[in-house]
Structures are given as structure tokens and as C-alpha cells.
Amino acid sequence: MAGEAQHGKDAGHAAAEHGEGLVFHPFDQFIVKPMFHDGPVGLFTFTNAAFWMLLAVAVIFCVMVLGSSKRAVIPGRAQSIGELLYGFLHKMISDVAGKEALPFLPYIMTLFLFIVTANLLGLLPLSYTSTSHFAVTVTLALAVFITITVVGFVKHGTKFLGLFWVSSAPLPLRPVLAAVEVISYFIRPVSHSIRLGGNILAGHAVIKVFAAFASITLISPVAILGITALYGLEVLVAVVQAYVFTILTCVYLKDAMHPSH
Amino acid sequence: MADTHNESLLACVDVSGSADGMPQLCADWFGNQVFWLILTLVAIFFILSRIALPRIASVLAERQGTITNDISAADELKRRAADAEAAYEKALADARTEAQAIAQKTRDEIATELAAATAKADEDIAAKTAESEKAISEIRASALENVEVVAKDTASAIVTALGGTVDDAAIAAAVSNQVKG
């Protein structure tokens with residue numbers, strides 16, 4: 001099997017080099033490379049990853065800061081977007097995690113705005129999608145995980161461990177449930193990050209596969225229709241995944257605020 | 001052999017520049033992404049917490065204040081309009097009462113005058129009636145007298161014609177008796 005796979009790969013390369021037949025490189029779009037020169041990627045190299053993340057910062061700056069610079073009582077378009085986002089996250093946090101979690105608004109809004117902006121920028125043709133990389137999503141999820149754990153212990157001390165001790169369950173069941181709760185607590189950052197990264201990665205890869213099929217004249221109309229439909233779906237996924245990541249952060253934050261079951 | 005040279009140059013990328021395996025799992029790129037991600041998140045956090053969110057919060061608060069002020073101003077105006085309406089209603093009611101009073105007074109005056117005139121007219125009529133009755137009774141009295149005289153003459157003429165002697169006193173008594181009937 002391994003030999004066959006190796007053979008297939010070589011054949012693929014050969015085909016690519018000779019520019020004939022179907023060429024699938026759905027993962028090439030995720031390659032991290034230096035922006036302005038060739039060479040290896042070091043820790044501080046200005047890569048395409050860096051460029052698209054900083055572009056997200058620029059977009060967020062334009063919408064949130066420049067958009068609201070007039071401080072108009074009757075808002076313009078850009079200011080309306082900023083106010084809408086503010087109201088949306090403000091409501092989400094106070095509804096899900098409670099009013100006392102509102103000091104975390106800038107933190108949660110940072111996560112949401114970064115993810116939604118990076119997702120949407122990633123949908124531009126020829127762009128690079130930061131949030132399709134597990135290095136990024138795992139960092140985000142770990143940041144949330146560490147924040148939640150620290151906030152829980154700082155606010156409640158050892159009482160935070162009550163999160164794992166289901167006091168409403170019968171006593172003999174509690175140790176079992178505690179084990180389950182501890183495991184699920186530590187699984188959280190994994191599912192939190194894989195959900196976001198996996199969704200974005202899969203969508204972009206599938207679009208690329210359809211794009212490769214578009215080079216065959218006979219099925220290109222179907223392939224192009226498929227790309228169009230998937231693109232619409234991906235716009236939805238981009239926003240929904242940012243929403244899901246954020247609301248789960250709020251749910252976890254609620255655990256840190258009110259650990260008792 | 002050039003292949004191996006190229007492959008050794010760049011991690012996770014094959015000869016033709018395509019991804020070698022999943023780029024997501026290329027450990028050589030993790031550090032770079034995490035570094036720029038942290039830089040990005042810190043930048044966004046400061047943009048939001050230092051500039052954008054306080055500004056938007058103040059704009060929203062200001063708007064809320066403006067709306068509250070406008071609503072209270074509208075309430076004030078509404079209250080004043082209600083006051084004005086009440087004053088108008090009161091003035092209208094007063095005017096109506098006054099009009100009714102004037103009408104009543106006029107009606108009373110007219111009634112008084114009418115009563116006086118009626119009384120005067122009644123008096124006149126009564127006087128006239130009395131006068132007339134007096135005249136009528138005088139006429140009736142003289143007529144009765146005449147009737148007696150004529151009756152007496154007629155009686156004495158009839159008696160004479162029948163060949164009797166005329167006894168004036170008897171005739172007078174008989175005629176008077178008959179006329180009184």
C-alpha cells in the first residue's frame with residue numbers, strides 16, 4: 001500500500017511537471033512562506049501568515065476605530081457595524097455568562113473579531129486563511145482554556161474544583177462523574193480548536209478540489225456551480241464558526257464565574 | 001538529485017513547490033504563526049480596549065441620554081399641551097355657563113315684562129268687560145222696562161178691545177208678575 005501511494009504521488013508529480021491531466025493541490029493554499037523573499041520560515045519571518053493576520057488587524061482598526069471616529073449620535077454605516085458588534089457581544093456575554101463577566105468583553109471581542117475577520121479575509125481569492133491552521137486555533141483555544149482556569153481559581157479558589165463534583169448526583173456516582181467532568185474539561189481546548197480549524201480547512205480544501213475539476217471542460221459548469229454554492233456555504237461557515245467559538249468561550253467563562261452545578 | 005537539494009532547502013514543501021503532507025501539521029511553521037498570532041491578538045485587544053470599546057460605549061450612553069432627554073422633553077410638551085387643552089375646555093365651559101346665565105337672565109326679564117304686560121292687558125280687559133257689562137245691564141234694564149210698558153199698553157188695549165174696564169193697577173201687577181215669570 002505504501003509503495004502504491006508513493007507511486008501515485010510520483011505519478012502526480014510527473015503529471016504536474018508535464019502539465020497534463022488532473023492536478024490536485026488542495027493544500028498548497030495553506031503553505032506558510034516568506035512574504036517578500038524565498039527561503040526558510042523563521043520565528044520572526046514576515047510570512048503570508050503574518051501579512052493576513054496584520055491585515056485583519058487593519059480591517060478591525062478601520063471598522064472599530066475609524067468607523068466610530070465621528071462619535072455620531074446618529075451613526076453612519078461603519079459606526080453602525082461597530083455598534084452592532086458591540087451590542088451583539090455585550091448581549092451574548094451578559095446572556096450566557098452573566099453580567100459579572102462583562103469585564104471580559106474586550107477579551108472575547110478580540111477573539112470574535114479576529115476569527116470572523118480572518119475567516120472572511122480567507123475567503124478572498126488567492127488569500128491565505130490564518131484560522132485554517134491548527135497552530136492558530138490551538139493557540140486561541142489554549143488562551144481561552146488558560147484564562148478560564150486562572151479566572152476560576154482566582155475568583156473561587158479551590159471551590160472552582162466543585163465544577164467537577166456534581167453535588168446533585170447520588171453520592172456513589174459522583175467520583176465517576178468527576179472523572180468524566182475532568183476529562184471533558186481537558187478535552188475542551190481540543191474540540192474548541194479542531195472544530196474551528198477543521199471547518200475552515202475542509203471548506204477551503206473542498207473548494208480547491210472543485211476548482212481542479214473545473215479544468216475539465218466537460219464537467220466545468222458543474223464544478224463552477226459547485227464552487228459558487230460552496231463559497232456561499234463557506235461565508236456562512238466563516239461567520240457561524242466564529243460565533244460558535246465565541247459563544248463556547250462564554251459558556252466556559254460561565255463555568256469559571258459560577259462553578260457550582 | 002536536484003530534488004533532494006530543493007527538499008532540504010524548504011520544510012514541508014516538495015520539489016514542485018506544493019505542500020508535502022498537511023501544511024497544518026508542519027511543525028517548522030508553528031512558531032512563526034503563533035508569534036504573529038500573539039502580536040495580532042495583543043494589537044486587536046489594545047485597539048478594542050483602549051480606543052474602540054470606550055468610544056462606542058460612550059456614544060451608546062450619550063445616545064441613550066439623548067433619547068431619555070428627548071422623551072422627557074416630549075413628555076413635558078405633552079403635559080403642557082394637556083394643560084392648554086384643559087384651560088381651553090375650562091374657558092369653553094365658563095363661556096357656556098355665562099351664555100346660559102345671560103340667556104336665563106334675558107328669559108327671566110322677558111318673562112317678567114311679559115307677565116307685567118299680560119297683567120296690564122288683563123286689567124284693561126277686565127275694566128273694559130266691566131264697562132261693557134254695565135252698559136249691557138243698563139240696556140237690559142231699559143229693555144225690560146220698555147217690555148213692561150209695552151206689555152201694559154198692549155194688555156190695556158186688549159182689555160179695552162174685549163170691552164172690559166181698564167184697571168191700571170191690576171194690569172200693572174199682572175204684567176209685572178208675568179214679566180218676572
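The values are calculated or read from the model by the stated rules, or taken from the named source; none is laboratory data. Nothing here was measured: the structure is a model prediction, and the numbers come from that model. Neighbour counts are summed over all protein chains in view; Cβ atoms, including those assigned to glycine, are modelled from backbone coordinates with ideal geometry. Please note that ligands, DNA and RNA were not included when accessible areas were found on the heavy atoms of the full protein model with its side chains. Shrake-Rupley method; radii C 1.70, N 1.55, O 1.52, S 1.80 Å.
Before moving on, here are some points about what is shown:
- Count of region A:2-38 residues, restricted to those that are open to solvent by 60 Å² or more (accessible area, probe 1.4 Å) and modelled with pLDDT under 80, is 14.
- Failed criterion for A:Met92 (all others in (1) within 11 Å of another protein chain (Cβ to nearest Cβ); (2) open to solvent by less than 60 Å² (accessible area, probe 1.4 Å); (3) at pLDDT 95 or above hold): (1)
- Residues being under 30 Å from A:Pro103 (Cβ atoms), facing another protein chain (nearest Cβ under 7 Å) and small (Gly, Ala, Ser) are represented in region B:32-46 by at least one member.
- Every listed requirement among (1) at pLDDT below 95; (2) over 28 Å from A:Tyr86 (Cα atoms) is met by B:Thr66 save one, (2).
- Each residue in region A:196-216 was checked for being under 16 Å from A:Thr137 (Cα atoms) and free of Cβ contacts under 8 Å to residues at least 40 places away in the same chain, and 3 pass.
- Any hit, region B:5-16, residues being surrounded by 10 or more Cβ atoms within 10 Å (Cβ to Cβ), within 11 Å of chain A (Cβ to nearest Cβ), assigned to a helix (DSSP H, G or I) and in contact with a strand residue (DSSP E or B) (Cβ under 6 Å, 6 or more places away or on another chain): no
- Residue match in region A:39-51 (condition: at pLDDT 90 or above, in a helix (DSSP H, G or I) and touching a helix residue (DSSP H, G or I) at 6+ places or on another chain (Cβ under 8 Å)): yes
- Neighbours by Cβ (under 6 Å, 6+ apart or cross-chain): first from region B:154-174, under 23 Å from B:Leu144 (Cβ atoms); second assigned to a helix (DSSP H, G or I) and among the small types (Gly, Ala, Ser): B:Val166/B:Ser156; B:Ile171/B:Ala155; B:Ile171/B:Ser156
- For the residues B:Ser72, B:Ser58, the requirement of being in a helix (DSSP H, G or I), under 25 Å from A:Phe112 (Cβ atoms) and hydroxyl-bearing (Ser, Thr, Tyr) singles out B:Ser58.
- Of everything listed in (1) modelled with pLDDT under 95; (2) within 9 Å of chain B (Cβ to nearest Cβ); (3) in a helix (DSSP H, G or I), the single unmet condition for A:Ser80 is (2).
- When restricted to residues that are within 14 Å of chain B (Cβ to nearest Cβ), hydroxyl-bearing (Ser, Thr, Tyr) and outside any helix (DSSP H, G or I), region A:96-151 contains 2.
- Among residues of region A:211-253, those that are surrounded by 18 or more Cβ atoms within 10 Å (Cβ to Cβ) and farther than 29 Å from A:Pro125 by Cα, counted: 5
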